[in-house]
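Some notes on the structure that comes next.
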Amino acid sequence: QVQLVESGGDSVQAGGSLRLSCAVSGSIFALNTMGWYRQAPGKPRELVAGFIVGGSTKYANSVKGRFTISGDKAKKTVYLQMNSLKPEDTAVYYCRMRIGAPYDYWGQGTQVTVSS
């Protein structure tokens, strides 16, 4: 049984920073299974940042240079550092662990609101 819990969402002004955390319960934890997604009202959920097999990372073009994904194996936690936030970053952010079908786990999300 696996459970993901996000935290760190808040309301901030444009140009500010936030760090989101995703705590993973259970014995399974590997960075290459983890990723961050976001969903704004009326829009589909989209990939923001994730790990590529081998330890590399990938990012949506809209957040490159501003967001950084990282993890702590000992704490079974994945982070998303968000800098230079823009109003268009406003969304619910979700942590995901995708081991492989049919194993696909999501957190309940944390709200990030960026005011202009």
Problem - Å² of accessible area per residue within the chain, as computed with a 1.4 Å probe and no ligands counted - result: 56 Å²
Practice task
Could you work out the relative contact order of the chain, using alpha carbon pairs under 8 angstrom and six or more residues apart, expressed as a whole percent?
Solution key: 36 percent
Fill in the blank from the handout: For Lys58, the aspartates and glutamates lying under 15 Å Cα to Cα, once residues fewer than eight places off in the same chain are dropped, come out as Glu46
Fill in the blank from the handout: Site Ser56, offset 7 angstrom along Cα→Cβ, radius 16 Å on amide nitrogen, limited to the stretch 1-39, gives 32-33
Practice task
Might you work out the accessible area of Ile99 for me, using a 1.4 Å probe with all protein chains in place, and round it to the nearest 10 Å²?
Solution key: 80 Å²
Exercise for the section: For Ala101 and Ala40, calculate 0.36 nm times their separation in residues minus their Cα-Cα distance, and state this gained length in nm to one decimal. Expected result: 19.4 nm
Problem - Proximal aspartates and glutamates relative to Lys43, as straight alpha-carbon distance under 14 Å, when same-chain residues fewer than 8 apart are discounted - result: Glu88, Asp89
Fill in the blank from the handout: A student asked for the Cα radius of gyration and Dmax of the stretch 22-116 in angstrom ought to give 13.2, 42
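Just subtract the alpha-carbon distance of Lys86 and Gln13 from 0.36 nm times their residue separation and send over the number in nm, one decimal.
On the way: separation 73, 0.36 × 73 = 26.28 nm, distance 0.81 nm.
That pair, Lys86 and Gln13, stretches by 25.5 nm at full extension.
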Problem - Accessible surface of the stretch 1-65, 1.4 Å probe, proportion on carbon and sulfur as whole % - result: 48 percent
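Of the chain, which part is the longest with no trypsin sites (Lys or Arg not before Pro) in a loop (DSSP not H, G, I, E, B) and with at most 12 other C-beta atoms within 10 angstrom? Mind showing how you got there, number by number?
Values: sites that count: Lys64, Lys73, Lys75.
Longest run free of exposed loop sites: 1-63.
The values are calculated or read from the model by the stated rules, or taken from the named source; none is laboratory data. This one's a predicted model, so the numbers in the text were calculated from it and none came from an experiment. For neighbour counting, all protein chains shown are included, and Cβ atoms are generated from backbone atoms with ideal geometry for every residue, glycine included. Each accessible area value is taken on the protein alone, full model and side chains, heavy atoms only, with ligands, DNA and RNA left out. Shrake-Rupley method; radii C 1.70, N 1.55, O 1.52, S 1.80 Å.
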